[in-house]
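As structure tokens, the structure follows; a few thoughts come after it.
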Amino acid sequence: MDILIIYQFCTFGGVERVILNRAHTFKQNGLEVKITIGYMYDRGALLSFKNYLKEKRLEHTIIPIILPNFFYYDLDKHDAVFIIDTPQVFDAISPARNIYVECHTPYKQSRQYLKALPNYVKGIIVPSSSFKALLNSEFSGLPEIFVLPNPVSDEFFRVSSLKTESFTKRPLTYFARVEDLKNFIEAIRIFELMSQRDDVMFWIIGEGAAEKDLIQSLERKNLLGKCLLRDRIDFGKVPYLVNLVKKHRGIFISPSKGESFGLSAAEFISGGVPVLLSDIPPHRVLVDEDGQFLYPLGDVLTAREKLVNLLDDWQHANGVVESYSRKFKSEVFIQEWKKLVEQILTC
């Protein structure tokens, strides 16, 4: 099958990881799926993206291209076209056989384009049932919505085989953009409550982590000396990060206010890293509604209490999250992918 995916920019973000994980899963299961990913422009991640494809021998499965517009692009040479949260191209492209919108954005304002989809859009693809329910509550008259869950590639399930460096403390890890929706301020409030523990350090990794204002804020809070800050990491280093956190008996933390799926959390879970997640619908699904890994948004005291429990009983928590990771393996995705393809090709 030959697919074109259109996405507005190439970043070190979740959409790119979704596409890479799909490619791994197709290859692992012997499915001949070719993906052309058409970016409108590069935001600094394209070279890392291409290097990852070469390193993992996926360069024949995924072909990235840069096209500022799609006026003269022949969509019909592909079996299907998936437009991921890029309404800018709606007026530029002409109707083709199978055009679908993929909605992954957790930002409410960025979903408003769904109010006025072109008639040629045959359906909407989302990564979770909870996100489907959210869209149905926000919009009326939408075309059919299909759920295609995000797979986690095998490299995350095999992280224990990776070499690691050594730290003297256990990392509490925030891995996301430094912004309001991801609720970075609440993460810092939780870190402050944990700062008296001598056995922990705080890893803050994501776009904005190296900004001067953030560094000064951490210094004022007397946290900077216990922090490791990285603005971004290459695609191929994410499994290595998961392994580092696991080897040092650390915890992944997401206080996010909204997610379409929660892929980073799913990848840490698949690597056997215990997680502490805000109690929102997508996060509940990731951990089978297990309360030891969830805390009410805004309740940082409960978050601290649960973090202490996870750190003190880390080995047990590790075994539990590994049992929850089964739903992220390739079999679930492949089953839903085949159902989706059957519907697409028979429309």
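Things to note:
- For the stretch 134-174, a residue qualifies if it is hydroxyl-bearing (Ser, Thr, Tyr) and in a loop (DSSP other than H, G, I, E, B), and the qualifying residues are 140, 153, 164, 166, 168.
- Elements of type strands (runs of 3 or more DSSP E) contained in the stretch 1-72, each with 2 or more residues being charged (D, E, K, R) and at pLDDT 90 or above: 34-42
- As a summary of the residue check, residue 104 satisfies the conditions (1) part of a loop (DSSP other than H, G, I, E, B); (2) without any contact (Cβ under 8 Å) to a residue 40 or more places away in the chain; (3) more than 17 Å from residue 341 (Cβ to Cβ) except for the one numbered (2).
- Check on residue 192, surrounded by fewer than 22 Cβ atoms within 10 Å (Cβ to Cβ) and assigned to a helix (DSSP H, G or I): yes
- Of the numbered criteria (1) surrounded by fewer than 23 Cβ atoms within 10 Å (Cβ to Cβ); (2) under 14 Å from the mean Cα position of the chain (by Cα); (3) assigned to a strand (DSSP E or B), the one residue 228 fails is (2).
- Just one of the listed residues (93, 65, 3) is closer than 21 Å to residue 142 by Cβ and among the aliphatic types (A, V, I, L, M), and it is 93.
- Hits in the stretch 73-86 (condition: touching a strand residue (DSSP E or B) at 6+ places or on another chain (Cβ under 6 Å), in a loop (DSSP other than H, G, I, E, B) and either within 21 Å of residue 337 (Cα to Cα) or not assigned by TED's automatic domain parsing to the domain that holds residue 135 (or both)): 78, 79
- Qualifying residue in the stretch 245-252 (condition: surrounded by 24 or more Cβ atoms within 10 Å (Cβ to Cβ), not in a loop (DSSP other than H, G, I, E, B) and not charged (D, E, K, R)): yes
- Options 171, 143, 149; residue that is within 30 Å of residue 342 (Cα to Cα), touching a helix residue (DSSP H, G or I) at 6+ places or on another chain (Cβ under 8 Å) and touching a residue at least 24 places away in the same chain (Cβ under 8 Å): 149
- Among the residues of the stretch 290-320, none is identified as under 16 Å from residue 245 (Cα atoms), aliphatic (A, V, I, L, M) and not in a helix (DSSP H, G or I).
- Hey, residue 266 closer than 28 Å to residue 108 by Cα, in contact with an Asp or Glu (Cβ under 6 Å, 6 or more places away or on another chain) and either in contact (Cβ under 8 Å) with a residue 40 or more places away in the chain or not in a helix (DSSP H, G or I) (or both) or not: no
- Beta carbons closer than 8 Å, at least 6 apart along the sequence or on distinct chains, pair a first residue in the stretch 108-137 that is without any contact (Cβ under 8 Å) to a residue 40 or more places away in the chain and surrounded by fewer than 19 Cβ atoms within 10 Å (Cβ to Cβ) with a second that is outside any strand (DSSP E or B) and among the basic types (Lys, Arg) for 135/111.
- Criterion violated by residue 272 - all others in (1) under 18 Å from residue 320 (Cα atoms); (2) buried (at least 23 other Cβ atoms within 10 Å of the Cβ) satisfied: (2)
- For residue 210: the one exception among (1) touching a residue at least 60 places away in the same chain (Cβ under 8 Å); (2) of a type in the set (Gly, Ala, Ser); (3) surrounded by fewer than 16 Cβ atoms within 10 Å (Cβ to Cβ): (1)
- Once the stretch 155-164 is narrowed to residues that are modelled with pLDDT under 90 and surrounded by 14 or more Cβ atoms within 10 Å (Cβ to Cβ), the residue that is nearest to the chain's Cα centre (by Cα) is 159.
- Considering residues of the stretch 275-289 that are among the hydrophobic types (A, V, I, L, M, F, W, C) and part of a helix (DSSP H, G or I) only, the residue surrounded by the most Cβ atoms within 10 Å (Cβ to Cβ): 286
The values are calculated or read from the model by the stated rules, or taken from the named source; none is laboratory data. Everything numeric here is computed off the predicted structure, so don't read it as measured data. FYI the Cβ positions are ideal-geometry reconstructions off the backbone, even for glycines, and counts take in every protein chain you see.
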